[in-house]
Amino acid sequence: MFDEIRFNKIDRLPKYVFAAVNEIKMAARRAGEDIIDFSMGNPDGPAPKHIIDKLIEAAQKPKNHGYSASKGIYKLRLAICNWYERRYGVALDPETEAVATMGSKEGYVHLVQAITNPGDVAIVPDPTYPIHSYAFILAGGSVHKMYLKFNENYEVDEEQFFADLQKAFHEAFPKPKYLVVNFPHNPSTATVTPIFYEKLVELAKKERFYIISDIAYADLTYDGYRTPSILAVDGAKDVAVESFTLSKSYNMAGWRVGFVVGNKKLVGALQKIKSWIDYGMFTPIQVAATVALNGPQDCVEEIRQKYEKRRDVLVESFSRAGWKINKPKATMFIWARIPEEFRSMGSLEFSKKLLTEAKVAVSPGIGFGEGGEEYVRIALIENEKRIRQAAKNIKRFLKNYKGEA
Ligand SMILES: Cc1ncc(COP(=O)(O)O)c(C=O)c1O
C-alpha cells in the first residue's frame, strides 16, 4: 500500500553487511553445528557485583521510579567530571560540560542530529564503526571519506593522517564542519599519541571545525599503552567533545550508560535535544553508574586482563595455525589481514568461507567501509578454550585449502 510514500532516510541506510554472515551462522546453529562466534562486539561477562547490588538497592526505593533527568542526575554528571579530573587532569562543569547518555551510541546519534544542518559535511575516517558515518546521513548531512592508515603495530601514521586531512579539507564542498575520531579505534584497533591531539586541536582552530572524539575503548589497553584524551590538550574544549561508555570497561553494555563531555555549545545542543526526546535513564541505573565511576576500579583491571589474555592466546594460536597476525595495543578486537591466498575473494566471501568450513564467525571488514576490505574483525568475546578450538579449526581449514591448491 501507498507505494509512493517512501522513507528516504531509511532507504539511505544500506543492508547491514553483517546480516549476511549472521544468517549463515544462525542456519548452521539450527542444524546443530558448534560455531565459535567472534563476530559481535558484545562483552560476555556480567557487570561487577557491587554495581548490581547498588542497582537493586536503588530500585527498591519508590522515589526512583518516576521520570528522571534527561541530561542525567547531578550526582552522575559530577562522577563523570571527577572521572575526567582523576584520569586526565581535565576540569569540567557538570552543568554545562557533561551529559549522561543511554550508551555512547545514543549520545552520538542525538548529538549529530542536533548539530547537523541539511548538507553539512563531516569527515569520518574509513574504516569506521558504521554509525559514526551513518548518523550524519540520517541527520541529512553527508560524509567525506578519508582512509585511515596505520603501521604493522596498528599505530596511526599520524603524518599521513594530517596530510590526508588537509587534502580532505581542500577537496570537500561545502567545507566540513565536523571530524570524527575514535582512538583506540573500532574496528582497526589503531591508536594515537597525545601529540596527535595537540596537532588536531591546532588544526581545528585554524580550519574552524569541531571534533567529536569517541574513546569507548579507553580502558582496554595493553603493553603499557595508555589512551590519551583530546580534552587534555589546552584549549581543546573550544573545539571538541569526547564520549565514553560504561559498556566495555564495566561489562555494562545492556545497561545503556555513557556520556559526552567537553565543548559547551555541543554539549548544550545535546542536552537540549535530549530534553525534547527522552526523560533520562531509569534513575537506579544512573545511581549504579555513579557507583561504577566513583567506586573501586579493580573490576576494570580484571576485565582488561581478561581481554589481554584472550588477545595473546588468539594471536599466538592463530599465528601458529598459519594465520599471521600482530598484537593490537588496545580494544577488544583483533583486526586481522586476510591470509594472502584468500585476499582477492574479499572480506565478505572470506568470512562466509571461514564460517562454513572452519565454523568460525568473524565480521567482514567491508562492513566497516571500503578501507576494511582486506581485513576481518575478530571480537575477543569467546573464552580461551574456545579460541584454541578456533585455532585448530583454522589450521585444518588452511591445510585443506593448501591441499586443494
Ligand atoms: C567505537 C564505539 N563507540 C561506541 C560504541 C557504543 O557503545 P555504547 O554501548 O556505549 O552505546 C561502540 C560499541 O561497540 C563502539 O565500538
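The values are calculated or read from the model by the stated rules, or taken from the named source; none is laboratory data. Note that this is a predicted model, so its numbers are computed, not measured. Positions of Cβ are backbone-derived with ideal geometry, glycine not excepted, and every protein chain shown enters the neighbour counts. For the accessible areas, the whole protein counts, side chains as well, though only heavy atoms, and no ligand, DNA or RNA atoms are used. Shrake-Rupley method; radii C 1.70, N 1.55, O 1.52, S 1.80 Å.
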What single numbered condition from (1) open to solvent by 20 Å² or more (accessible area, probe 1.4 Å); (2) in contact with a Lys or Arg (Cβ under 8 Å, 6 or more places away or on another chain); (3) among the charged types (D, E, K, R); (4) not assigned by TED's automatic domain parsing to the domain that holds Gln305 fails to hold for Glu85? (2)
If Lys9 passes every condition in (1) farther than 30 Å from Arg310 by Cα; (2) open to solvent by 30 Å² or more (accessible area, probe 1.4 Å); (3) outside any helix (DSSP H, G or I) but one, which one does it miss? (3)
Checked against (1) open to solvent by 10 Å² or more (accessible area, probe 1.4 Å); (2) outside any loop (DSSP other than H, G, I, E, B), Ala135 satisfies every condition except (1)
Going through segment 97-122 one residue at a time, which ones are of a type in the set (Ser, Thr, Tyr) and away from the ligand (no atom under 16 Å from the Cβ)? Thr116
With (1) in contact with a strand residue (DSSP E or B) (Cβ under 9 Å, 6 or more places away or on another chain); (2) among the small types (Gly, Ala, Ser); (3) more than 21 Å from Ser68 (Cα to Cα) as the list, and Ser317 as the residue in question, which single condition is left unmet? (1)
Among the numbered conditions (1) at pLDDT 95 or above; (2) within 16 Å of the ligand (Cβ to nearest atom); (3) closer than 30 Å to Ala336 by Cα, tell me where Gly41 comes up short. (1)
What number of residues in segment 343-358 are open to solvent by 10 Å² or more (accessible area, probe 1.4 Å) and touching a Phe, Trp or Tyr at 6+ places or on another chain (Cβ under 9 Å)? 4
Specify the residue that is farthest from Gly41 (Cα to Cα); the eligible residues are those in segment 368-405 that are part of a loop (DSSP other than H, G, I, E, B) and open to solvent by 30 Å² or more (accessible area, probe 1.4 Å). Ala405
Taking the options Pro127, Pro94, name whichever one is within 12 Å of the ligand (Cβ to nearest atom) and at pLDDT 95 or above. Pro127
Out of curiosity, is Glu349 touching a strand residue (DSSP E or B) at 6+ places or on another chain (Cβ under 9 Å) and free of Cβ contacts under 8 Å to residues at least 24 places away in the same chain? yes
Checking the structure you have, find out if any residue of segment 27-37 is open to solvent by 20 Å² or more (accessible area, probe 1.4 Å), within 16 Å of the ligand (Cβ to nearest atom), modelled with pLDDT under 95 and part of a loop (DSSP other than H, G, I, E, B). no
Checking the structure you have, find out if any residue of segment 132-147 is in contact with a Ser or Thr (Cβ under 8 Å, 6 or more places away or on another chain), of a type in the set (Ser, Thr, Tyr) and away from the ligand (no atom under 16 Å from the Cβ). no
Verdict on Gly322 being on the phi > 0 side of the Ramachandran plot, without any contact (Cβ under 8 Å) to a residue 40 or more places away in the chain and surrounded by fewer than 17 Cβ atoms within 10 Å (Cβ to Cβ): no
